[in-house]
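Down below is the structure, laid out as structure tokens.
The values are calculated or read from the model by the stated rules, or taken from the named source; none is laboratory data. Owing to the predicted nature of the structure, the values given are computational and were not obtained by experimental measurement. Glycine also receives a Cβ, built like all others from the backbone with ideal geometry; neighbour counts cover every protein chain displayed. Heavy atoms of the whole protein, side chains included, go into the accessibility calculation; ligands, DNA and RNA do not. Shrake-Rupley method; radii C 1.70, N 1.55, O 1.52, S 1.80 Å.
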Amino acid sequence: MTGRYEIFGTVSTGFEAARDAFAENFAREGDYQETGAGFAAFHRGRCVVDLWGGFADGAHTKKWTCDTLCNVWSSTKGISATAAAILVDRGVFAYEDRVASLWPEFGRSDKEGITVAQILSHQAGLPGFVEPTSVEDQCDWIGCCAKLARQRPVWEPGTATSYHAMTYGWLVGEIVRRASGKSIGRFIHEEIAKPLDADLFVGLPENADLRAAEMLAPKRMTDTSSLPLPPAARMALTNPQQDPLAPNTRAWRAAEIPAANGQASAMGLARMYAALAGGGLLDGANLLSREGVERMTKPATSDGRQDMFLGFVDSWSMGMAINTPGIYGPNPRAFGHSGWGGSFGCADPNAEVAIGYVCNQMGPELVGDPRTAGLCKAILDCAARA
């Protein structure tokens with residue numbers, strides 16, 4: 001027990017410190033105190049942590065369970081990047097291909113030379129919309145893709161990097177749709193979730209709504225207008241602006257918003273990253289070749305380039321965040337993706353570790369949730385002694 005929050009689940013011998021780190025997040029005071037959360041980890045392809053606790057709603061009437069789903073915000077991007085990597089691995093397209101070769105309407109307004117790699121590594125110059133876009137508009141796939149096809153880049157593609165917070169999803173998703181003939185939500189379901197038996201959704205079926213946690217807004221919202229960002233980077237925050245409670249609506253859950261509306265369990269995220277940590281294999285399922293994982297996680301830049309939005313240096317691969325800031329432990333080869341509010345999934349191929357974490361009490365910071373560092377350290381320290 002942690003106060004009135006009971007922790008459920010299992011940890012393998014030698015990984016008991018992970019339970020302690022998870023429990024501490026329920027006991028902590030302030031902005032990052034958990035309401036409900038799940039935490040899962042693999043070591044050398046074996047599940048060593050499967051924990052959950054707290055409540056799936058703000059009223060504390062619905063207990064968090066082993067299969068509770070949570071809106072993971074930008075942790076969705078790592079799932080979408082894996083979908084693209086599967087198609088590259090199969091030779092359907094290459095990272096170096098021009099987007100317009102797959103999506104002809106995109107090749108206008110000075111975008112004819114933009115490559116798939118530039119989209120995935122946030123170099124395309126389309127970090128936000130120019131045309132007004134509301135929270136509700138984000139549920140309109142055709143409309144969002146059409147806006148981006150019309151839009152002119154705000155910098156010369158390939159010459160700068162700035163986080164494409166929401167536009168990433170429609171850009172990558174439309175590439176996947178054009179190349180595979182399937183919506184990205186369907187592709188993720190059929191090619192990632194089912195083979196891995198992983199609870200991952202982009203576009204949640206209505207019959208799974210009862211499993212979805214209620215998202216709780218940060219107790220203290222960051223004043224984004226005060227952030228010292230250049231205009232090009234600020235686009236990612238201002239158009240579209242986000243509502244932290246939008247994931248509690250059926251319209252948001254049903255839509256496919258591949259940058260931000262993934263619904264996942266901690267075990268679902270951990271299983272996908274465990275496959276990536278294992279060179280593409282987990283429990284007999286072959287997600288990617290080892291070479292495919294290496295291509296996806298190779299840094300896209302090496303010139304000391306700083307992301308204008310996040311401030312990280314050379315921190316992007318083909319859709320995954322490279323661990324140059326050290327948020328996933330000390331290994332710079334670790335990779336993954338985190339989401340607004342605190343969720344994350346990551347893999348450290350050297351340590352043969354994969355982690356998934358989801359929570360419904362969102363933290364206030366856009367970058368730097370302290371829960372991430374504590375949970376990663378606990379797992380990696382235990383793995384080093386195993």
Problem - Unmet criterion (only one of (1) open to solvent by 20 Å² or more (accessible area, probe 1.4 Å); (2) out of contact with any strand residue (DSSP E or B) (no Cβ under 8 Å at 6 or more places or on another chain); (3) under 26 Å from residue 361 (Cα atoms)) for residue 240 - result: (1)
Completion exercise
Among strands (runs of 3 or more DSSP E) entirely inside segment 1-66, those with 2 or more residues being among the hydrophobic types (A, V, I, L, M, F, W, C) and farther than 24 Å from residue 285 by Cβ are 7-11
Practice task
Check 358, 353 and return the single one that is within 22 Å of residue 11 (Cβ to Cβ) and within 12 Å of the chain's Cα centre (by Cα).
Solution key: 358
Exercise for the section: Please work out if residue 340 is closer than 23 Å to residue 222 by Cβ, touching a residue at least 40 places away in the same chain (Cβ under 8 Å) and touching a His at 6+ places or on another chain (Cβ under 6 Å). Expected result: no
Practice task
Filter segment 49-64 for residues that are surrounded by 15 or more Cβ atoms within 10 Å (Cβ to Cβ) and either over 22 Å from the mean Cα position of the chain (by Cα) or more than 15 Å from residue 378 (Cβ to Cβ) (or both) and give the result.
Solution key: 52, 53, 54, 55, 56, 57, 58, 62, 63, 64
Exercise for the section: Run residue 91 past the list (1) part of a loop (DSSP other than H, G, I, E, B); (2) crowded, with 18+ Cβ neighbours inside 10 Å and report the number of the one that doesn't hold. Expected result: (2)
Exercise for the section: Report yes if some residue within segment 73-81 is closer than 30 Å to residue 372 by Cα and among the charged types (D, E, K, R); otherwise report no. Expected result: yes
Exercise for the section: Look at segment 1-60 and say how many of its residues are in contact with a Pro (Cβ under 7 Å, 6 or more places away or on another chain) and among the acidic types (Asp, Glu). Expected result: 1
Exercise for the section: Find the residue count for segment 207-226, including only residues that are closer than 17 Å to residue 52 by Cα and assigned to a loop (DSSP other than H, G, I, E, B). Expected result: 3
Problem - Pair list, Cβ < 7 Å and 6+ apart or interchain, from segment 32-49 residues that are over 23 Å from residue 71 (Cα atoms) to residues that are among the aliphatic types (A, V, I, L, M) - result: 43/353; 43/383; 43/386; 45/274; 45/282; 48/11; 48/41
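Residue-by-condition table, conditions (1) in contact with a Lys or Arg (Cβ under 8 Å, 6 or more places away or on another chain); (2) open to solvent by 30 Å² or more (accessible area, probe 1.4 Å); (3) at pLDDT 95 or above:
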{"site": "127", "(1), (2), (3)": "no, no, yes"}
{"site": "131", "(1), (2), (3)": "yes, yes, yes"}
{"site": "143", "(1), (2), (3)": "no, no, yes"}
{"site": "154", "(1), (2), (3)": "no, yes, yes"}
{"site": "161", "(1), (2), (3)": "yes, no, yes"}
{"site": "176", "(1), (2), (3)": "yes, no, yes"}
{"site": "186", "(1), (2), (3)": "no, yes, yes"}
{"site": "190", "(1), (2), (3)": "yes, yes, yes"}
{"site": "198", "(1), (2), (3)": "yes, no, yes"}
Completion exercise
From the option list 50, 31, single residue qualifying as farther than 24 Å from residue 301 by Cα, out of contact with any Leu (no Cβ under 8 Å at 6 or more places or on another chain) and at pLDDT below 95 is 31
Problem - Candidates 276, 269, 204, filtered to the one that is out of contact with any His (no Cβ under 7 Å at 6 or more places or on another chain), surrounded by 18 or more Cβ atoms within 10 Å (Cβ to Cβ), part of a loop (DSSP other than H, G, I, E, B) and touching a residue at least 60 places away in the same chain (Cβ under 8 Å) - result: 204
